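> The structure follows.
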Amino acid sequence: MSTEQQIQVSPSRRNGQRQFFRLNEIIAEQTGANRSLIAILQAVQEEYRYLPEEVLTYIATALDLSPATVFGVATFFAQFSLEPKGHYLVTICDGTACHVKRSMSVYDAICRKYDLTEGRLTTPDMLFTLETVACVGACGLAPVMIINGKTYGQISPEAAVAIVDKLANREEKEE
Amino acid sequence: MSGTITIDQKQLPINGEDNLLELIRKASVDLPAFCYHFELSDFGACRMCIVEEEKMGFIASCSTPPADGMVIRTTTPRLQRMRRTILELLLADHDRDCTICERSGQCRLQELTLRFGIDNIRFGKDIEALPRDELSASLVRDPNKCVLCGNCVRNCSEIQGIGVLDFAYRGARVRVMPAFGKSLAEVECVGCGQCIQACPTAALTIKFEIDSVWAALSDPHKRVIVQTAPAVRVALGEEFAGKAGAISTGKMVAALRRLGFHEVYDTCFAADLTAMEETAEFLHRFEKGENLPQFTSCCPAWVKYAEHFHSELLDQLSTCRSPHQMLGALLKKFYAREQGLSPQDIFVVSVMPCTAKKFEAKRPEFTTEGSPDVDAVISTHELARMIREMGIVFEELEDDSYDLPFGFASGAGTIFGYSGGVSTAVIRTAIYKLSGKRPAVDFAFTPVEGFPNVNETIVPVGDGAIRIATVHTLGAAKKLIAALRTGELSYHLVEVMACPGGCISGGGQPLISDAQARHERAQGMRGADKLQQIRAPQDNLFIKEVYQRWLEQPGSDVAHRTLHTGYTSRRRVFGQFIPVVAAERPVVDIKVCVGTSCHLRGSYGVIQELAALIEKQQLTDRVNLEATFCLEQCDRGPSVVIDGHLLEGVSEERLPAIFEEMVVKNLV
Ligand code: SF4
Ligand code: SF4
Ligand code: SF4
Ligand code: FES
Ligand code: FES
Ligand code: FES
């Protein structure tokens, strides 16, 4: 394995063991007649932060479903992601209130700084993924940015980039 | 449900029909439909079959049961407008290259477009062309032709019990595809081609091999030999406006000669040979009580299914190759030499009802001196194409007959093409062999209650009995296998065929739209059996000769080398690994299989134990531990690979010793 590859996968790989054991727990919790594939996928996505192909095959195996069916369900719901996400998930709200307060200029500023484009919204080092959502219910704070669950309100493009920069620097020091 | 119903002002009695569509068709109205299929569950997605009911308004007739007093109109200006709009929307995103489309002339979408006189499409295309999947040996999938009716999805899951295809994504991006958008060659598709039969368009088609056959026919250095499967003769005529089930053997042979084949043989001859070998094998196992029930192996779709899903049964499969592979092997191994030719000088073509045999012929073990035993497999449909391309007027051909010696068969060999045929052949051979007397009548098979598509018969021998079951469709086989495991059912011999009714409705046969044609083809096969002068393979002089000249006796070493084979477990999805312990500087690499078989045998426990050992010895930065899917050793799992060494049947108790030996020692 080349060093480059290692660095790329390391943030998600480091937790491999805990994640895999948790995956088995999630499946075990959801046995019997009223098990719900959607609930399993939700819980697993929380663990892996996306739904890797192999993990979907594993779920299909454990539940005796065809992989195509599990894949079908995973792609039907917008909440599921089949692409790996960066360590930090940077979410910019683009609901009506935020849009009016120019949330997209925040989005654009981060894109420019980290060289992200439509279709490539994760940094090559897997540190950040940028995405938009429709209204997170904090319209009073518009425009809103959320990073791994933490909300930043009334954010300006400059402030947003500064926050992301800070996280990036901290991560570098830890490495 | 009984009562009457009014359809376009005509009164009709309800006669147990499941849905309005069936009843409407009985009123001689050919209502348009895409997602309705006579043997699949109702889906109600395409809305083409929509009708107007006085009180209920617009309803999808395919998924509405008839009720007394309903007043139905099948054509009104609003219905016409709605249907046209649906069609136009489908056509907007459709690859409309009809002139160069395989299905042209047999496509439901094309037919309805013509019927509704659509000459202008008001909607623009909003998707780009998607890649065709041509990697499978059996079929081609072209997503640009798909109308999303879901017939293939329901066919593969409801009839075959597999579920290779399903809907994925949503809204405008919804598509039908295998898991993760992979190729059919990279997933658990067994190549039965039943989805081709169910598809209304050219989104799923047979993988053609016609070009290689034309090339061989025009190559002056090749002797081109053709063999035709039992089920081809009762269906080929349908391609030329003949009746289903009508036997067209004579015209078929004549057409093959006109196409330029040098020798024309009958796979039924090889089926006689299969019956001899399979019976010898069975009687041996029966006496010893070993590896029972024996499962038949002449259906390659079933064989591949067992390799993907039932590694525990692989020892129970008959080791016999399917009949056309047996003949291919004889031709390349012995016949070629006798004719002073090398295997490469002969080009063997099999005409089969089957798409799965295309994959089978490419199995690496089926070769002689590097040359495939069967060089090309073409379907009944492809043969019809070749006949048409050459301009042969099929209906006007004079009957011709097969060449000898491989063109003569007993009735037993002739009936391999429908469910129950192989078992009947084996029973005839076995009784003859055990009693020394020709069996006068056949044993009747009776349906097994609670198990659709399963029939059984009990053959008394000595003071015991041989219990035999036949099953068709893999979904039904799956259920039967489960019942064998629990002991609910028990047999000595189980015949499995993947296609409904057997090869007569194989994936390469002419398309059919109702169960009637299937029935008629089976009748045709039974008729062909009765026409043969001899009924048991032992009485086939040419079979005797083949044993005398080349094969010694059924089950001999040379027969084994030439006519038998072995099986391997196959993974279901080509995939990646799930990292469990990811070392920064890995030195030792461990992969644990979590495929279905290994999972059931406790591979998760093995992973837990390994992770604990790695942690205890503080080797987390030196040892890579990954979960992987199927190392293709499923019958001996749980499988573990340590630095490339495959270990089978690894139990948690054995792990500490293995770990010490293969990991710790290597690191110090
Ligand atoms: S060929 Fe058979 S197994 Fe493969 S997708 Fe079609 S129906 Fe399923
Ligand atoms: S591939 Fe054919 S059968 Fe399957 S959904 Fe598309 S049109 Fe229907
Ligand atoms: S039943 Fe016959 S046609 Fe169908 S897959 Fe098996 S061998 Fe082929
Ligand atoms: S629109 Fe952004 S929080 Fe509501
Ligand atoms: S045929 Fe009735 S909805 Fe498709
Ligand atoms: S499941 Fe196939 S080797 Fe484990």
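The values are calculated or read from the model by the stated rules, or taken from the named source; none is laboratory data. Predicted, not measured: the structure shown is a model, and the values here were computed from it. When we count neighbours, we look across all protein chains shown, and the Cβ atoms used for this are built from the backbone with ideal geometry, even at glycine. Calculation scope for accessible area: heavy atoms of the full protein, side chains included, ligands and nucleic acids excluded. Shrake-Rupley method; radii C 1.70, N 1.55, O 1.52, S 1.80 Å.
> Of the residues B:104, B:138, which single one is surrounded by fewer than 15 Cβ atoms within 10 Å (Cβ to Cβ) and under 15 Å from residue B:196 (Cα atoms)? Show your work before the answer.
Numbers: B:138 fails: surrounded by fewer than 15 Cβ atoms within 10 Å (Cβ to Cβ).
None of the other options fit; the residue is B:104.
> Would you be able to tell me the number of residues in the stretch B:514-540 that are over 25 Å from the mean Cα position of the chain (by Cα) and open to solvent by less than 10 Å² (accessible area, probe 1.4 Å)? Break it down stepwise before answering.
We begin by selecting, within the stretch B:514-540, every residue over 25 Å from the mean Cα position of the chain (by Cα); these are B:530-540.
This time we only want the ones that are open to solvent by less than 10 Å² (accessible area, probe 1.4 Å), so: B:536-537, B:540.
Result for the stretch B:514-540: 3.
> Give the residues of the stretch A:43-67 that are facing chain B (nearest Cβ under 9 Å), open to solvent by 20 Å² or more (accessible area, probe 1.4 Å) and either within 19 Å of residue B:577 (Cβ to Cβ) or touching a Cys at 6+ places or on another chain (Cβ under 8 Å) (or both), sorted by residue number. Steps first, answer last, please.
So the first thing to find is which residues in the stretch A:43-67 are facing chain B (nearest Cβ under 9 Å), and the list is A:52-58, A:60-62, A:64-67.
Remaining after also requiring open to solvent by 20 Å² or more (accessible area, probe 1.4 Å): A:53-54, A:61-62, A:64-65.
Within the stretch A:43-67, A:53, A:54, A:61, A:62 meet the criteria.
> Here are B:369, B:389: which of them is touching a Pro at 6+ places or on another chain (Cβ under 9 Å) and open to solvent by 60 Å² or more (accessible area, probe 1.4 Å)?
Details: B:389 fails: touching a Pro at 6+ places or on another chain (Cβ under 9 Å).
Matching residue, one of B:369, B:389: B:369.
> Further, regarding this structure: Can you spot a residue in the stretch B:17-28 that is more than 16 Å from ligand 2 (Cβ to nearest atom), under 12 Å from residue B:74 (Cβ atoms) and outside any helix (DSSP H, G or I)? Spell out how you get there, then give the answer.
First, pick out the residues of the stretch B:17-28 that are more than 16 Å from ligand 2 (Cβ to nearest atom): B:17-28.
Next cut, under 12 Å from residue B:74 (Cβ atoms) only: B:20-21, B:23-25, B:27-28.
This time we only want the ones that are outside any helix (DSSP H, G or I), so: B:27-28.
Yes, the stretch B:17-28 contains at least one residue that is more than 16 Å from ligand 2 (Cβ to nearest atom), under 12 Å from residue B:74 (Cβ atoms) and outside any helix (DSSP H, G or I).
> Looking at the stretch B:41-60, is at least one residue more than 16 Å from ligand 5 (Cβ to nearest atom), open to solvent by 20 Å² or more (accessible area, probe 1.4 Å) and assigned by TED's automatic domain parsing to the domain that holds residue B:17? Full working, then the answer.
In the first step, residues of the stretch B:41-60 are kept if they are more than 16 Å from ligand 5 (Cβ to nearest atom); the result is B:54-55.
If we keep only those that are open to solvent by 20 Å² or more (accessible area, probe 1.4 Å) too, we end up with B:54-55.
Going one step further and asking which of them are assigned by TED's automatic domain parsing to the domain that holds residue B:17, we end up with B:54-55.
Yes, the stretch B:41-60 contains a residue that is more than 16 Å from ligand 5 (Cβ to nearest atom), open to solvent by 20 Å² or more (accessible area, probe 1.4 Å) and assigned by TED's automatic domain parsing to the domain that holds residue B:17.
> With the condition kept exactly as written, say whether any residue in the stretch B:159-166 is crowded, with 17+ Cβ neighbours inside 10 Å, assigned to a helix (DSSP H, G or I) and either of a type in the set (Phe, Trp, Tyr) or within 12 Å of ligand 1 (Cβ to nearest atom) (or both). Quick ask: steps written out before the conclusion?
Applying the first criterion (crowded, with 17+ Cβ neighbours inside 10 Å) to the stretch B:159-166 yields B:159-166.
Now drop any that are not assigned to a helix (DSSP H, G or I), which leaves B:159.
Restricting the remaining residues to those that are either of a type in the set (Phe, Trp, Tyr) or within 12 Å of ligand 1 (Cβ to nearest atom) (or both) gives B:159.
Yes, that holds for at least one residue.
> Just to check your reading of the model, which residue among B:493, B:511 is within 16 Å of ligand 2 (Cβ to nearest atom), more than 14 Å from chain A (Cβ to nearest Cβ) and either under 28 Å from residue B:279 (Cβ atoms) or surrounded by fewer than 19 Cβ atoms within 10 Å (Cβ to Cβ) (or both)? If you could, list the steps in order and put the result at the bottom.
Details: B:493 fails: within 16 Å of ligand 2 (Cβ to nearest atom).
None of the others qualify; the one that does is B:511.
> Please work out which one of (1) away from chain A (no Cβ under 13 Å); (2) open to solvent by less than 10 Å² (accessible area, probe 1.4 Å) is the condition residue B:199 fails and give its number.
(2)
> What strands (runs of 3 or more DSSP E) completely inside the stretch B:417-504 contain at least 3 residues that are more than 22 Å from the chain's Cα centre (by Cα)?
Values: elements: B:454-461, B:464-472, B:493-497.
Answer list for the stretch B:417-504: B:454-461, B:464-472.
> If you don't mind, another one. Report yes if some residue within the stretch B:330-347 is acidic (Asp, Glu) and more than 16 Å from ligand 1 (Cβ to nearest atom); otherwise report no. Explain how you work it out, then say what you get.
Looking only at the stretch B:330-347, we keep the residues that are acidic (Asp, Glu), and these are B:338, B:345.
Next, only the ones that are more than 16 Å from ligand 1 (Cβ to nearest atom) stay: B:338, B:345.
Yes, the stretch B:330-347 contains at least one residue that is acidic (Asp, Glu) and more than 16 Å from ligand 1 (Cβ to nearest atom).
> Next question, about the same structure. Can you tell me which of A:168, A:142, A:160, A:109 is open to solvent by less than 40 Å² (accessible area, probe 1.4 Å) and within 17 Å of the chain's Cα centre (by Cα)?
Numbers: A:142 fails: within 17 Å of the chain's Cα centre (by Cα); A:160 fails: within 17 Å of the chain's Cα centre (by Cα); A:109 fails: within 17 Å of the chain's Cα centre (by Cα).
Step by step, each of A:168, A:142, A:160, A:109 is checked, and only A:168 is open to solvent by less than 40 Å² (accessible area, probe 1.4 Å) and within 17 Å of the chain's Cα centre (by Cα).
> Let me ask something else about it. With the condition kept exactly as written, say whether any residue in the stretch A:16-28 is modelled with pLDDT under 80, crowded, with 16+ Cβ neighbours inside 10 Å and more than 25 Å from residue A:76 (Cβ to Cβ).
yes
> Can you tell me how many residues within the stretch B:560-600 are facing chain A (nearest Cβ under 7 Å), within 22 Å of the chain's Cα centre (by Cα) and either within 16 Å of ligand 4 (Cβ to nearest atom) or small (Gly, Ala, Ser) (or both)?
0
> Right, something else. Is the stretch B:286-297 home to any residue that is away from ligand 3 (no atom under 14 Å from the Cβ), closer than 24 Å to residue B:409 by Cβ and either of a type in the set (Val, Ile, Thr) or modelled with pLDDT of 95 or more (or both)?
The first filter runs over the stretch B:286-297 and keeps only residues away from ligand 3 (no atom under 14 Å from the Cβ), leaving B:286-294.
Of the ones still in play, those that are also closer than 24 Å to residue B:409 by Cβ are B:294.
Subsequent filtering for residues that are either of a type in the set (Val, Ile, Thr) or modelled with pLDDT of 95 or more (or both) retains B:294.
Looking through the stretch B:286-297, at least one residue is away from ligand 3 (no atom under 14 Å from the Cβ), closer than 24 Å to residue B:409 by Cβ and either of a type in the set (Val, Ile, Thr) or modelled with pLDDT of 95 or more (or both).
> Anything in the stretch B:482-523 that is charged (D, E, K, R), at pLDDT 95 or above and either away from ligand 3 (no atom under 13 Å from the Cβ) or within 16 Å of residue B:159 (Cβ to Cβ) (or both)? List them, or say none. Walk me through how you get there before you give the answer.
Our first condition is that a residue be charged (D, E, K, R); within the stretch B:482-523, this holds for B:485, B:488, B:495, B:514, B:518, B:520-521.
Now restrict to residues that are at pLDDT 95 or above: B:488, B:495.
Hit for the stretch B:482-523 is B:488, nothing else.
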